[in-house]
Amino acid sequence: MLTLGGLVIRTTVQLGALRTKQRAHEIESGNKLATLEQVTGFDALTGLRGQRWFDSQLAMALRGKVPVALIYIDLDGIKQLNAARGHQVADRVIRSAAMAIRAALRRQSDLNQVFRRGDAADEFLVVLEGASLDTGVLLAEQMLTTLRSLSLPVAASIGVADWDGLEPMTAAELERAAEVQMYRAKADGRNRVRARVRY
């Protein structure tokens with residue numbers, strides 16, 4: 001015969017076992033998604049192409065000797081949102097931001113030029129072939145306006161850099177130049193666009 005205390009202990013043990021099982025399932029699902037992302041090159045959360053595609057696309061654009069503008073976007077506050085409201089809420093915000101970034105692009109050819117950066121859940125890159133720095137800044141400002149219009153519980157710091165198609169530059173150098181401007185936007189108060197001054 002179970003006493004009330006025995007029932008509470010039994011229920012607590014069962015609940016603990018369920019939580020352990022759920023956590024194991026989450027880890028297994030995460031491992032499967034990571035494997036799928038490695039094989040396909042697509043990010044499972046946003047549907048965007050990942051870092052491998054970006055590296056290849058940017059290197060190819062630089063070899064083509066046409067001007068390139070690179071936009072580097074970092075969502076500010078995702079880690080805090082994740083801690084305060086959970087990863088499901090943070091994931092919804094990241095997906096919404098990815099859609100907003102794509103929605104701000106004008107040319108159909110640019111829609112596949114939005115990438116999720118590395119393992120960073122909150123960083124995106126946009127490669128604009130044949131675009132000047134001014135065009136990159138204009139589109140970055142539109143992305144920021146679109147993100148603001150969604151009233152998301154995060155802000156965005158955006159950096160823009162470009163290559164004129166002439167002087168020697170590697171893909172890593174161009175990415176770093178855009179990243180530096182993104183950090184400048186953060187330092188200047190976030191929720192803004194900063195661009196590299198022309199050569």
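A few remarks follow.
- Filtering the stretch 59-90 to residues that are among the hydrophobic types (A, V, I, L, M, F, W, C) and under 15 Å from Leu166 (Cα atoms) leaves Ala59, Met60, Ala61, Leu62, Val66, Val68, Ala69.
- Among the residues of the stretch 131-145, the ones that are over 30 Å from Arg85 (Cα atoms), in a helix (DSSP H, G or I) and among the hydrophobic types (A, V, I, L, M, F, W, C) come to 4 in all.
- The set of residues in the stretch 146-199 being acidic (Asp, Glu) and either part of a helix (DSSP H, G or I) or open to solvent by 20 Å² or more (accessible area, probe 1.4 Å) (or both) consists of Asp164, Glu167, Glu173, Glu175, Glu179, Asp188.
- Selection count where residues are under 11 Å from the mean Cα position of the chain (by Cα) and not aliphatic (A, V, I, L, M), scope the stretch 48-75: 5
- Picking from residues in the stretch 76-99 that are part of a helix (DSSP H, G or I) and small (Gly, Ala, Ser), the one that is nearest to Ala155 (Cα to Cα) is Ala97.
- Filter pass, Ala69 being in contact (Cβ under 8 Å) with a residue 24 or more places away in the chain and under 19 Å from Glu175 (Cα atoms): yes
Residues checked against (1) touching a Gly at 6+ places or on another chain (Cβ under 6 Å); (2) under 19 Å from Gln51 (Cα atoms); (3) open to solvent by less than 10 Å² (accessible area, probe 1.4 Å):
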| site | (1), (2), (3) |
| --- | --- |
| Leu70 | no, yes, yes |
| His87 | no, no, no |
| Ala100 | no, no, yes |
| Arg107 | no, no, no |
| Arg116 | yes, yes, no |
| Val127 | no, yes, yes |
| Val137 | no, no, no |
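- Residues within the stretch 53-75 that are closer than 21 Å to Met182 by Cβ and either of a type in the set (Phe, Trp, Tyr) or not in a strand (DSSP E or B) (or both), tallied: 10
The values are calculated or read from the model by the stated rules, or taken from the named source; none is laboratory data. Note that this is a predicted model, so its numbers are computed, not measured. Cβ coordinates were reconstructed from backbone atoms using ideal geometry, including for glycine residues, and neighbour counts include every protein chain displayed. For accessibility, only protein heavy atoms count, side chains too; no ligands or nucleic acids. Shrake-Rupley method; radii C 1.70, N 1.55, O 1.52, S 1.80 Å.
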